[in-house]
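What follows is a set of notes on a single structure, which appears directly below.
The values are calculated or read from the model by the stated rules, or taken from the named source; none is laboratory data. These figures come from a predicted structure and were not determined experimentally. FYI the Cβ positions are ideal-geometry reconstructions off the backbone, even for glycines, and counts take in every protein chain you see. For accessibility, only protein heavy atoms count, side chains too; no ligands or nucleic acids. Shrake-Rupley method; radii C 1.70, N 1.55, O 1.52, S 1.80 Å.
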Amino acid sequence: MPTEENDLRTRLAAGESAAFAEVYARTAKRLFATAKGLVDRREEAEDIVQETFVLLARHRDKLVGVHDLDRYLFMMLRHAAFRRTKGAARYVA
């Protein structure tokens, strides 16, 4: 529901830990499955999901302009995975 989604984004932007926990519970498994499809190792997929949630917490003030929180999280996840794989490719000699 759009109103519930707006409320959740507002609570997240305000730094409410219960809202963060709600988003984590709702999306972590799907984010992990997506991350696992992007990288080879389970541990790396877990790190990418963790990085996604750290970024969400760090940049929560930007949530005001976000209309689809799930889409925003999956975009953040793909960027985090790309940064990791790009960084790993730099060190392959």
For the chain, the dipole about the Cα centre with charges only on Cβ (Lys and Arg +1, Asp and Glu -1), to the nearest 20 debye, works out at 420 debye
For the chain, the per residue accessible area (1.4 Å probe, Å²) is 67 Å²
Relative contact order of the chain (C-alpha contacts under 8 Å, at least 6 apart) in percent is 35 percent
With 0.36 nm assigned to each residue of separation and the Cα-Cα distance removed, LYS36 to GLU22 gains 2.8 nm
Within segment 30-74, DSSP-loop trypsin sites (Lys or Arg not before Pro) with at most 13 other C-beta atoms within 10 Å are ARG41
Among PHE82, VAL49, VAL64, the residue whose Cα sits farthest towards the positive end of the charge dipole of segment 4-93, when +1 is placed on the Cβ of each Lys and Arg and -1 on the Cβ of each Asp and Glu, is PHE82
Only helices counted: for the chain, with every DSSP H run of 4 or more residues adding -39500 (n - 2.57) and the sum spread over all residues, [θ] at 222 nm is -26500 deg cm²/dmol
Those helices of the chain passing the 27 Å axial Cα length cut-off and the mean Kyte-Doolittle cut-off of -0.5 (DSSP H runs only) are 17-38, 69-90
Mean projected area (nm²) from the convex hull of Cα positions in the chain is 6.1 nm²
